[in-house]
1. Percent antiparallel among DSSP beta bridges with both residues in the chain, to the nearest 5?
2. When a footprinting reagent is the concern and you count Cβ atoms within 10 Å, what order do 138, 59, 310, 94 take, fewest first?
3. Find how many whole Å separate the alpha carbon centroid of region 230-293 from the alpha carbon centroid of region 1-79.
4. When 129, 87 are ordered from fewest to most other Cβ atoms inside 10 Å of their Cβ, what list results?
5. Given axes a ≥ b ≥ c from the Cα gyration tensor, I'd like to know whether region 192-255 is rounded (a/c under 1.5), prolate (a/b larger than b/c) or oblate.
6. Test of the criteria: in region 33-97, which trypsin sites (Lys or Arg not before Pro) are in a DSSP loop and have at most 14 other Cβ atoms within 10 angstrom of their Cβ?
7. Please list, in order, the residues from region 90-109 whose amide nitrogen is less than 18 Å from a point placed 7 Å along the Cα→Cβ vector of residue 73.
8. Using R₀ = 51 Å, calculate the FRET efficiency as 1/(1 + (r/R₀)^6) where r is the Cβ-Cβ separation of residue 108 and residue 235; round to 0.05.
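What follows draws every value from the coordinates through simple rules; no lab data is involved. Predicted model, so just to flag it, every value in this text is computed and none were measured. Cβ sites come from the backbone with ideal geometry, for glycine too, and all protein chains shown count toward neighbours.
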Amino acid sequence: MIPATMKAWVFYEPEVMKFEEVPVPEIADDELLIRVRACGICGSDVAYYWGLSPLETPTGKGPLILGHEFSGEVVKVGKVPAERKLFSVGDRVTVNPVQYCNACEVCYRGFVNLCENKKVLGVSANGAFAEYVVSHYTHVYRLPEHVSFKAGAFVEPLANAVYGVKNLQVGLGDTVVVFGPGAIGLSVVSLVKRSGAGKVILVGTQDFRLEVGKAMGADELLNVRDASSPYYAPNVVERISHLTGGRMADRVIVVTGSKEAMQLALEVSGRRSNIVYFGLPGAKDVIEVPALPSIFWDKNIRFSWLAPFTWVEAIQSIAGGLVDAERLVTHVFPLEKLMEGLQVAREKKGNPLKVMVVME
Ligand SMILES: [Zn+2]
Ligand SMILES: [Zn+2]
C-alpha cells in the first residue's frame, strides 16, 4: 500500500538539489495524501534552482521539495473530507498550490490570490517533485475521466491564463495582441480566439512557437527578432497599425517578462483598449506610461496575478477542448531525470514549450 519512504528531489540552496529517500509525509485531518503522476516545470522552478529568485520560505532557501504544477491520485483521505464524502482513494485530481487561509481580511474580501497566510506548495511548503505530496482538501479539484494526468498538471498554468483572459475582457470581434508565445501565451491565444476575438496577433521571437500559435488560433504572427523569419516585423507598432487600419488593438496582453514588450503594449493599444500585464518582469523594471495619450484614448491598464477562482474554468477549458494542453507538453522526463528537464527548460534545447516530469 503506501510505503514508509519515497523518492523526492530536495532543494537545499541554488544548484544544490538532491534525489533522496525521505519519509512519506503524514496527513492532518483536513488534508489528502496524493500520489504524484505529473508535475510541470515552471519558469519559477528554473529561477529557484539557479538562484535567480528566493523561495518563499522564512530563509528564502530549502530544504524544500519544489514543483507546484501537478496532478495525481488520492491515496489517503483525512478525517474531515472523508466524513464529508468529498474525496475517495483513487480520485484523479489536480491541486491549486496557492493554499489560501480563507480567514484573513484579504481572503474575506475575496482576494484569495493575495492571502497573507497563504502556503504555496513547491514554493513555501513541500511540492510535487516527489512520489507523494500533501494538500489541504479545499484546494484539490477532481479531473474529468478523459483528462490525462499530463493535461491535469497543466491546469495550474492554465488557471493563471484564464484569470489573465478574464481581466482582458475580450469583446466579440476585438483585435487582440498577445505578446509572448510560451505555453501560457499560447493558451491565451486559444482562449481569446474561442471567446470571440476577431483578429488575434501573436508577437514573439521564435518561429516554432509562433507557428504553434497559428495552429491554436492566431491570425497574424510577428517575429520581432529574427530577420530571416517570414514573420519578421522589426517595427511592431507600424505593423499593427497596418493590420488594424490605424485603429490599433482593442485588447493587449503581455505574457512575457520582457520590458520591451511591456512598453510596446502601450503603443499598440487603441481607443478604450484594455492592457493586461501578466508576465513577470525584473524586480526593478519600470514601465513608462505615455500619460496624456493614454488618457485621451481612455485606456484601461491592468495587472494579473495568480488564479483566484479560475480552477473550474481551467479544467472545463481542457475537458471541453478549448485548450489543447497535451499539445503544449513537448518534453517529458521521469522523476529521476528532473535535472535534465530543468536544463531543457532553461536552455530551451529542442524547442520546448511545457517540460514535465511524468511518473509512470
Ligand atoms: Zn508556475
Ligand atoms: Zn487568507
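1. 55
2. With the sparsest Cβ surroundings first, the list reads 59, 138, 310, 94.
3. So the separation of the two Cα centres works out to 37 Å.
4. So the ranking, lowest neighbour count to highest, is 87, 129.
5. oblate
6. 84, 85
7. In region 90-109, the label zone of residue 73 (backbone N under 18 Å from the point 7 Å along Cα→Cβ) covers 90-95.
8. 0.60
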